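These notes concern the structure reproduced below.
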Amino acid sequence: MGGRTSGAISYSLAEIRAAAGMWHRVSPQLTQIDAMVQGMSVRSAAASTDLFPSSIVKYAAIVANFDASCQEGAAITDAIGDTLDTAVLVYSHSEQAAKAAAGRLAQKIRDLGRLP
Amino acid sequence: MTDQMPTPAEYLAQAGFSATTLADLQQKVEEAAAKIRHGLAKAGQQIQGWYNALVKALTEWVNDMWTRIQSFWDSSIQPWIEEVKKIWNLVVELVRKCINDLRNFRANVQLLINIHADMLSWIEVGQVAQQWYQDVERFHIDNGYNMVGLSSSRTWVGPAADSYVSLWPYQVRAGQRLLKLAEQNSANLGHLLTAGAALYVAWGMVFLQLLAILATDIVLGRWLPGSRGGGGGGGPIPDAIEGLSSDGIAAAKRGSSAGAGDVRTLMRLLATVAVARVVVQKVDEQTAAAMQTLVANRDGMGSGDRNWPNPLAVKEFMHPTIDPNGRVRIVAGRYT
């Protein structure tokens, strides 16, 4: 695979970069799922009816939970990709770029704490 | 000459009784009187005893009966009355809900339409979620991330790689959780839709029956004056009936043509509506319980995670750090 070895560590930049790319590729799909869920209409129609009072309350809670899962999932998977990107920069000894990437990643991780 | 009544002693003396005989007689009379008094006293005591026994028996019987009545009331009548009250309250609640169903007809039907749309959307969401987790899983298996450390054929090994290999499967589980939620939501909405549709189909049958009765009225009341058809009711009403005023006959002709059969059908259909309403309520309760389980589902997540497993919050997971020399390093596991 054309990797490099440093002590007990060996790595292939191509491998790690491919993994990072995969996470960046799948992250928006969670945002897309979230958009689909937010477009659903039962919650808005439920306010004016009492046909299924108990279920609709629970359903609203599930949808809210699902929304939050997708939003957090999109942010977390993107941040996993960023972590791998940073690792590529570190392993390729791009010091300045790695520092900048590490700073951005730290900010993203802090932002994760403020997600719904 | 004056007639004087003799005293009893004179009378007895005249009758030839001696004083001794008289004294004997008086003694015997007194003894007989004493015996009679004694007998009466004994009889009185006997009667008093019977009376007391009767009163006692009656009191015991009344008490026993009262206890039985009380017990029967407590064990049979009271619960029965409570059940009747409960059933009555249920009937009142059911009627109130049925009236609400009619009052909220438009909103409820709109809700059912939206439930159907959401149900289809959840199927689509489930498909995308399935595609998502399968893509993630396939990539990692194809590239050897399913094996740990040196057992793997990939080049990237070491603490960072191991931590990554340990935690990516939780992302797949999160995707599977999305799929499960989507599937369950779709199924639950399907249950609600079925129950709600059954309710309004039942109402629709009631209205169809009312329309049929109305149409019969119009046809038989206007096009065939003098007739009173209907499903199982009376025959034609003649223009004149002896003993009835013409106003009464006209009023009878203006009345509904609905026969007993029509009314029975209508009542059966209303009963179907009531059953459908009960089903809606039960399905609502059961679905809410199933949804509660879904809300509480945190499969694959740790206590520090909120809505998605977050490996970045795990200190052993690979992360960049700046060493004392100002150089960026990737650390993981016990090297943290």
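The values are calculated or read from the model by the stated rules, or taken from the named source; none is laboratory data. Keep in mind it's a predicted model, so treat the numbers as computed, not measured. A quick note on method: Cβ atoms are made from the backbone with ideal geometry, for glycine too, and the neighbour counts reach across all protein chains shown. All accessible areas refer to the heavy atoms of the entire protein, side chains included, with ligands and DNA or RNA removed. Shrake-Rupley method; radii C 1.70, N 1.55, O 1.52, S 1.80 Å.
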Inset, instruction - Go through B:51, B:170, B:145 and list them by solvent-accessible area, largest first, probe radius 1.4 Å. - result: B:51, B:170, B:145
Legend entry - At R0 = 60 Å, FRET efficiency that the Cβ-Cβ distance of residue B:56 and residue B:22 yields, to 0.05: 0.75
Legend entry - Simple label model, 7 Å out from Cα along Cβ direction - residue B:323 to residue B:80, nm: 9.1
Inset, instruction - Would you calculate the separation in nanometres between label points at residue B:127 and residue B:295, each defined as 7 Å from the Cα along the Cα-to-beta-carbon direction? - result: 3.0
Inset, instruction - Provide the FRET efficiency to the nearest 0.05 for the residue B:135-residue B:275 pair, computing r from the beta carbons and using R0 = 35 Å. - result: 0.15
Inset, instruction - Could you list which residues have their amide H under 5 Å from that of residue B:157, counting only those 5 or more apart in sequence or on another chain, with H placed in the peptide plane? - result: A:10, A:11
Legend entry - Computed accessible area, residue B:128, all protein chains, 1.4 angstrom probe, square angstrom: 30
Legend entry - Most mobile listed residue (B:212, B:313, B:271) in chain B, GNM with C-alpha springs under 10 Å: B:313
Legend entry - Cα-based reach from residue B:85 at 28 Å (exclusive), listing lysines while leaving out same-chain residues under 8 positions away: B:97, B:282
Inset, instruction - Under a 10 Å cutoff between Cα atoms, tell me which one of B:309, B:159, B:320 has the largest fluctuation in the Gaussian network model of chain B. - result: B:320
Inset, instruction - Would you mind checking which residues have amide H under 5 Å from residue B:322's amide H? H placed 1.01 Å from N; only 5 or more apart, or other chain. - result: B:329
Legend entry - Accessible area per residue in Å² at 1.4 Å probe, computed on the protein assembly as shown: 58
Legend entry - Folded to 0 to 90 degrees: helix B:19-72 orientation relative to chain B principal axis, Cα: 10
Inset, instruction - With a 1.4 Å probe and all protein chains in place, put B:86, B:35 in order of accessible area, largest first. - result: B:35, B:86
Inset, instruction - Could you tell me the accessible area of residue B:191 in Å² (1.4 Å probe, neighbours in place), rounded to the nearest ten? - result: 100
Inset, instruction - Relative to the longest principal axis of the C-alpha atoms of chain B, give the angle of the C-alpha long axis of helix B:260-295, reported between 0 and 90° and rounded to the nearest 10°. - result: 50
Legend entry - Using alpha-carbon coordinates, inclination of helix A:13-38 to the longest axis of chain A, degrees: 10
Legend entry - Fluctuation leader among B:47, B:141, B:115 - chain B, Gaussian network, Cα springs under 10 angstrom: B:47
Inset, instruction - For segment B:264-315, give the percent of accessible area contributed by carbon and sulfur heavy atoms, probe 1.4 Å, rounded to a whole number. - result: 61
Inset, instruction - Can you figure out the FRET efficiency of residue A:41 with residue B:197, using R₀ = 25 Å and their beta-carbon distance, to the nearest 0.05? - result: 0.90
Legend entry - For residue B:85, solvent-accessible area (1.4 Å; no DNA, RNA or ligand), Å²: 110
Inset, instruction - Among the listed pairs B:180/B:315; A:99/B:315; A:108/B:315; B:35/B:56, give every one whose C-alpha distance is greater than 27 Å. - result: B:180/B:315; B:35/B:56
